[in-house]
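The next block holds one structure in the form of structure tokens; read it before the comments.
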Amino acid sequence: MNKVAVLSAGSWGTTMAMVMADAGNTVTLHARRSELAEAINTRHENPAYLPGIVLPTTIRATTEPAEALDGAHHVIVSIPAQTLRTNLTAWAPLIPADAVVVSLMKGIETTTGLRMSQVITQATNIPETRVAVLSGPNLAREIATRQPAASVIACTDESAAKTLQAACLTPYFRPYTDTDVIGCELGGAVKNVIALAVGLATGLGLGDNARAVLITRGLAETARLGTALGAEPLTFAGLSGIGDLQATCSSPLSRNRTFGEHLGHGMSVAQATSAIGQTAEGVKSSQAILDLARGHSVEMPITEVVVAVINGQLTVQDAATRLLARAPKPERYET
């Protein structure tokens, strides 16, 4: 039986704690707030992020990182992308020497343009062979109700990915393995930006045809950037690519899509942030993704529009026109 530490008691972290517990692991969940830890331990519920969901009694919560990390075989990290480096710098001495660190985060660090696995290796000095990412069409609330879902575990060390795969396999959660860490991470990060665009279009009253265009061309943007950075193109046809993109762009459970809808309905960025109440990673990561693209001479027109709206350089009304306005050319070669 593995001991698993889950760092952060947000919706996705708590959900993965449940998956790992259902798979037979001993799970300790780190929560920042004592009242949340107490609710998880006594009521077996996370009322702040997953109200109404009954958690396994085998999940134990603590506010002490050292207690959560003590003896852990797998360390699952699910915190806002822009706070990862600071938190990991403090936690690094507490991570067991042979533990595999698993990133659930789908963002790009704004100050460096690094993917989350790269931040983990920098902040902790843990080799990339012990850093894995988990990505796919994983809407936390659905998985928390034990509805069927699948995901991809990517690690440069295939044996580490397979060990984690076995550790989180349940009747409702099916993990696959891959070694394309770059592709899996970029698929998860860029889909949040495309979901913002889809939400924006939905809020403006555009229909299913427009949504399909944005999803399809958004996938093309993702694949172009990923290929330029060394990802395998076929990764984007899988769960961490089109699978995650489709779920995030289509579901009202998606924070990024919902954030975009709020903008389309006339809210400001500040108002939409308040309305969501949780982190929409695409808002912070969009500029970093666009900077990455420009640095590699990759055109990402949908991402450009999203960044312009978030930065106040483009009105939502003008964004609707810009999102679908591209010079006619053969689809296969469109940039």
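List of remarks:
- Working note: 222 nm ellipticity from helices only, DSSP H runs with n ≥ 4, each -39,500 (n - 2.57), summed and divided by the residues of the chain, gives -14500 deg cm²/dmol to the nearest 500.
- For the chain, the calculated P(r) over all alpha carbon pairs, in 10 Å bins from 0 to the bin holding the longest distance, is 6, 28, 35, 22, 8, 1, 0 percent.
- Antiparallel bridges, percent of DSSP beta bridges restricted to segment 3-179 (to nearest 5): 15
- With semi-axes defined as the square roots of five times the eigenvalues of the C-alpha gyration tensor, the equivalent ellipsoid of segment 84-184 measures 23, 16, 13 Å, largest first.
- Total charge dipole magnitude, the chain, about the Cα centre, Cβ charges on Lys, Arg, Asp, Glu only, Debye to nearest 20: 440
- Per-residue Cβ neighbour rank within 10 angstrom, fewest leading, LYS284, LYS106, LYS191: LYS284, LYS106, LYS191
- Altogether, the Stokes-Einstein calculation at 37 °C and 0.692 mPa s, with the Kirkwood radius of segment 3-179 over Cα pairs as Rh, returns a diffusion coefficient of 206 µm²/s.
- Stretching ASN125 away from TYR176 to a fully extended chain increases their span by 15.7 nm, per 0.36 nm per residue minus the current alpha-carbon distance.
- Semi-axes of the equivalent ellipsoid of segment 188-292 are 23, 15, 11 Å, computed as sqrt(5λ) over the eigenvalues of the C-alpha gyration tensor in descending order.
- Counted as membrane-span-like here are DSSP H helices of the chain whose alpha-carbon atoms extend 18 Å or more along the helix's own axis and whose Kyte-Doolittle mean is -1.0 or above; these are 181-203, 208-228, 281-295.
- Of the residues THR14, THR303, THR112, the one that moves most in a GNM of the chain with alpha-carbon contacts below 10 Å is THR112.
- Label-point separation in nm, GLU158 to GLU67, each point 7 Å along Cα→Cβ: 4.2
Bear in mind that the values in this text are calculations on the coordinates, not laboratory data. A quick note: this is a predicted structure, and the numbers were derived from the prediction, not measured. Positions of Cβ are backbone-derived with ideal geometry, glycine not excepted, and every protein chain shown enters the neighbour counts.
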